[in-house]
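Scroll down for the structure; my scribbles are underneath it.
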């Protein structure tokens, strides 16, 4: 699954992260997730499970 697809799916579920999809080099097609509160982190994990499974 591409970083663009994951980014879009997370965005639709209210999770905002950084996407480096338009970059060349080692960060091309990468995502950056910033550590948040325990509740924010759990929401991110739950969303990723739905997207990837």
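For region 9-16, state whether one or more residues are surrounded by 13 or more Cβ atoms within 10 Å (Cβ to Cβ), part of a loop (DSSP other than H, G, I, E, B) and touching a helix residue (DSSP H, G or I) at 6+ places or on another chain (Cβ under 7 Å).
Yes, some residue in region 9-16 is surrounded by 13 or more Cβ atoms within 10 Å (Cβ to Cβ), part of a loop (DSSP other than H, G, I, E, B) and touching a helix residue (DSSP H, G or I) at 6+ places or on another chain (Cβ under 7 Å).
Write out, first by first residue and then by second, each pair whose Cβ atoms fall under 7 Å of each other, whose residues are 6+ apart or on separate chains, and whose first residue, in region 16-30, is in contact (Cβ under 8 Å) with a residue 12 or more places away in the chain and on the phi > 0 side of the Ramachandran plot while the second is outside any loop (DSSP other than H, G, I, E, B) and surrounded by 13 or more Cβ atoms within 10 Å (Cβ to Cβ).
Sorted first by the residue in region 16-30, then by its partner, the pairs are 29/3.
Readers should treat all values here as calculations from the given coordinates under stated rules, not as data from a laboratory. All figures in this text were calculated on a predicted structure; none of them were measured in a lab. Glycine gets a Cβ as well: all are built from the backbone with ideal geometry, and neighbour counts include every protein chain shown.
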